[in-house]
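Peer 1: Take this structure first; my questions come after.
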Amino acid sequence: MSISRRTLLAAGAVAPLAAGLAPGRAAQSNAARFSLGFAPHEGSFASRGGLIEQIAFAADQGFTAWEDNEARARPVAQQAQMAKALSDRGMTMGVFVASMPKWAQSRPLLGANDDAEREAFLADIRSSVDVAKRLGAKCMTVVTGFRDPKVPLDVQTARVIDVMRRAGDIVAPHGLAMVMEPLNTRTDHPGVYMQSIAQGFAVARGANSPGVKVLADLYHEQIQSGNLIPVLDMCWSEIAYLQFGDNPGRDEPGTGEVNYANIVKWLRARRYTGVIGMEHGNSIDGRAGEDRLVAAYRAIDAQ
């Protein structure tokens, strides 16, 4: 997850398509609902109009969820409009970003000696509770900041656990959970503090709060660590939300090396009923790419 998401969503390089997913295949209107909670976002269906039109189109294709990293920054009236659109179509709201990092500045440093950035983070979490309620969201994404080269990593870990526990105390009474997102350092986010699902598991266990869980973004995990199904299995008790994206390219399933059909089979065996964010771009621009996106998710949903 990064501030340049919209650029990513618009860019996607053309990649080979999985067998049976022809680029020109048309997406159906008012199609059968997906059996898993795949969640597109603004930009997934950019040719169909603005935010509300894209939600309506996604619902017509059978998608049952939606996510919006930038929802917190939207005007209150637009948040309410989006929530109504989702409710009217029986769709679940996925994550939004509760505290956006300053990517260009490599901040915040939640494990640093200074308390100021931890307090600013907690202020963001407090103000995000109303956003979550307005949107009908149950989870909100948090990034645990960047590493401070001047502070021992173990000390930073203790401080991150402390601030996450405090943040959990804010959100848990409202039935909400923060989902911490580990990010890869090899391609997208050098210097971030949390770099693997396993590390997220350790912090969540340390925080010991129903309001502090892990977001398993499998694009990031594939780059950083791989071994996806065993990692999910080991860390499952602390994972509350998933995101898909193939690698390389960060586009729809079937365009890279990740066997998302097998991931889906594993999730079905686990009886996972939560949201799965489609945290990636489209490998082809325009409507052909949107049709291909729908077809890719139909293929893995059939597993």
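A short reminder: the numbers here are calculations on the coordinates, not readings from a lab. In this text the structure is predicted, and so the values were computed from the model without any measurement. Every residue, glycine among them, receives a Cβ derived from its backbone with ideal geometry; neighbour counts consider all protein chains shown.
Peer 1: How would the range 105-249 be classified by its alpha-carbon gyration tensor: rounded, prolate or oblate, with rounded meaning a/c under 1.5 and the a/b versus b/c comparison settling the rest?
Peer 2: Judged from the Cα gyration tensor, the range 105-249 comes out oblate (a/c at least 1.5, b/c at or above a/b).
Peer 1: Using alpha-carbon positions, what is the distance between the centroids of the range 161-185 and the range 66-121, in Å?
Peer 2: When both Cα centres are located, 13 Å separates them.
Peer 1: Counting only residues 5 or more places away or on other chains, whose amide H sits under 5 Å from the amide H of Phe38 once H atoms are built in the peptide plane?
Peer 2: Hits under the 5 Å cutoff: Thr64, Ile276.
Peer 1: Still on this structure, please answer the following. Taking Lys133 as the anchor, which aspartates and glutamates have their alpha carbon closer than 17 Å to its alpha carbon, excluding any fewer than eight residues away along the same chain?
Peer 2: Glu67, Asp68, Glu70, Asp88, Asp124, Asp169
Peer 1: What translational D, rounded to a whole number of µm²/s, comes out for the range 170-267 from Stokes-Einstein when the hydrodynamic radius is the Kirkwood one over Cα pairs, at 37 °C and 0.692 mPa s?
Peer 2: 238
Peer 1: For helix 51-60, what angle does its Cα long axis make with the longest principal axis of the chain, in degrees from 0 to 90 and rounded to 10?
Peer 2: Computed tilt is about 60 degrees.
Peer 1: Which whole-number percent is the relative contact order of the chain (Cα, under 8 Å, 6+ apart)?
Peer 2: Relative contact order for the chain comes out at 23 percent.
Peer 1: Write down the percent of antiparallel bridges among all DSSP beta bridges whose residues are both part of the chain, to the nearest 5.
Peer 2: Roughly 10 percent of the DSSP beta bridges within the chain come out antiparallel.
Peer 1: Looking at the square roots a ≥ b ≥ c of the eigenvalues of the Cα gyration tensor of the range 232-277, which shape do they give, rounded for a/c under 1.5, prolate if a/b is larger than b/c, or oblate?
Peer 2: prolate
Peer 1: Let me check I've understood the local charge: for Leu215, count other residues with C-beta under 10 angstrom from its C-beta, Lys and Arg +1, Asp and Glu -1. What total comes out?
Peer 2: -2
Peer 1: Cα gyration tensor of the range 42-117, axes a ≥ b ≥ c as square roots of the eigenvalues: rounded (a/c below 1.5), prolate (a/b > b/c) or oblate?
Peer 2: prolate
Peer 1: Report, in listed order, any pair from Lys84/Lys138; Lys102/Lys265; Lys102/Lys150 with a Cα-Cα distance greater than 25 Å.
Peer 2: Correct reply: Lys102/Lys265.
Peer 1: Roughly how big is the chain's charge dipole about its Cα centre, with Cβ charges of +1 (Lys, Arg) and -1 (Asp, Glu), in debye to the nearest 20?
Peer 2: Approximately 460 debye in magnitude.
Peer 1: With everything on Cα atoms, drop me the angle between helix 76-88 and the longest principal axis of the chain, reported from 0 to 90° to the nearest 10.
Peer 2: Orientation of helix 76-88: about 50 degrees from the principal axis.
Peer 1: Taking H placed 1.01 Å from N in the peptide plane, check which residues at least 5 places from Gln243 or on another chain put their amide H under 5 Å from its amide H.
Peer 2: Amide H neighbours of Gln243: Ala216, Asp217, Leu218, Gly277.
Peer 1: Here is a follow-up. Please determine, in degrees from 0 to 90 and to the nearest 10, the orientation of helix 286-301 with respect to the longest principal axis defined by the Cα atoms of the chain, where the helix direction is its Cα long axis.
Peer 2: For 286-301 against the chain, the angle is about 80 degrees.
Peer 1: Now for a different question. Taking N as the number of residues in the range 44-301, what is its Cα Rg relative to 2.2 N^0.38 Å?
Peer 2: 0.99
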